[in-house]
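Reading through the structure tokens given below for one structure.
The values are calculated or read from the model by the stated rules, or taken from the named source; none is laboratory data. None of the values given here were measured: they were computed from a predicted structure. These area figures cover heavy atoms from the full protein model, side chains too; ligands, DNA and RNA do not enter into them. Shrake-Rupley method; radii C 1.70, N 1.55, O 1.52, S 1.80 Å.
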Amino acid sequence: MIKFSLRCSNDHVFDSWFSSNETYEDLDNAGMLSCPICGSDTVGKNMMAPQLRKPDAPAEKQKPFDLSAPEAPAVTALAELRRLVEKKFENVGRRFAAEARAMNNGEAPERSIVGEAKISEAAELLQEGIPLVPLPWPDTRKSN
């Protein structure tokens, strides 16, 4: 995992984690990055300074995460958004790209859908002018 400091065209600075620099580049090239503050899709890497320490310097002690602390407002808002999406949207699973395309072509009734799409499928939809928004939570399905 790698953390990048990002900046949008409106000068909002935010951090985001990626599995690799290649993943960042793929998402950037597909137009899948957006500012969480204003929604701008013009996002780039911000200047970052490496965090280095001298070999003989003691490492900072990491504070334990306080599970009893109240959730941050953003976490609460994200949880509420997820509840709303799960309640109001039809989950079409891995058929997301096909369903979105069918709705766009008038072959399926328009409705709010949620599902899964590969990055390449999402990029194709965007190139075809079919709007979509990546949701900021992981797939939580359990697999054995």
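Of note:
- Computed from the Cα positions only, the extents of the range 1-52 along the three principal axes stand at 32, 21, 13 Å, in decreasing order.
- For GLU116, residues with placed amide H under 5 Å, excluding near neighbours: GLY93, ARG94, ARG95, PHE96
- Only protein heavy atoms count here; under a 1.4 Å probe, ARG7 has an accessible surface of about 90 Å².
- Oblate is the label for the range 79-122. Its Cα gyration tensor axes, ordered a ≥ b ≥ c, give a/c of at least 1.5 and b/c at or above a/b.
- Backbone HN-Hα couplings from phi across the range 108-121 [Karplus 6.51/-1.76/1.60, Hz, Gly and Pro as x]: 9, x, 6, 6, 7, 10, 9, x, 10, 8, 5, 4, 5, 5
- A 1.4 Å probe, protein heavy atoms only, puts the accessible area of SER9 near 70 Å².
- For the range 124-131, the Karplus equation 6.51 cos²θ - 1.76 cosθ + 1.60, evaluated at θ = phi - 60°, returns couplings of 4, 4, 4, 5, 7, x, 8, x Hz by residue, with Gly and Pro reported as x.
- Greater than 28 Å apart at Cα, pairs in LYS3/LYS118; LYS45/LYS87; LYS87/LYS118: LYS45/LYS87
- Taking all protein chains together and rolling a 1.4 Å probe, ASP11 ends up with roughly 100 Å² accessible.
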